[in-house]
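Enquirer: Submitted below is the structure of interest, expressed as structure tokens.
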Amino acid sequence: MKPFDKKNPFKTPEGYFEKFDERLFEKLSEKRSAIPKTEGFKLPEGYFDTLGDKLQQKLNEEGSSKVIPLKSYKKYYYAIAAAAAVLVVALVLNLNKTNEVGFDDLAQADIEYYFDQNELDLSSYEIAEVVPISELEITDMFESSFSEDYVIDYLDENTDYIDELNLVYDE
């Protein structure tokens, strides 16, 4: 048994294509050819002369059949196309809009978190160089908006011996 050839599973006899054209022309020239000399279909004589009458007769006989009108779905297609157009316009307008994030958009907690997490390594002199003096007023330095609770909590966290400060406060 021969192994199966996966590339070409079809086989032809040896010498099949040699002198193929000569054999083909020989068969075509024979009187009894496999190819018919005339058309294969024939119509009865006068077929088209009486066809109209026969069709009309059949239509009259089958006049009791129901005619089911097809619903026009054009209005649904128009509605879907309009909705798709509105959706595309809305998406295009929304994509062209760029949201620029500014300093005003940041929450105060986000700013404080950033400064808590990032070491700036700035001394008080460097900060004083950055802050414009023209915007400061002398009254800003004297006003304090600290509550006593915040000050005591700060001292408690940042002072080793808060009891030695001899603070008098109401509890």
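Enquirer: Using 0.36 nm per residue, how much length does the chain from S134 to V67 gain when fully extended, once their Cα-Cα distance is taken away?
Expert: Result: 14.9 nm gained on full extension.
Enquirer: Between E126 and N94, take the C-beta separation as r, use R0 = 45 Å, and let me know the FRET efficiency to the nearest 0.05.
Expert: Once rounded, the FRET efficiency stands at 0.50.
Enquirer: Pull out the extension gain between E157 and A85, defined as 0.36 nm times the separation in residues minus the alpha carbon to alpha carbon distance; nm, one decimal.
Expert: 19.6 nm
Read the figures in this text as sums done on the coordinates, not as results from a lab. Model, not experiment: these values are computed from the prediction. Because the Cβ atoms are built from the backbone with ideal geometry, glycine has one as well, and the counts that use them run over all protein chains shown.
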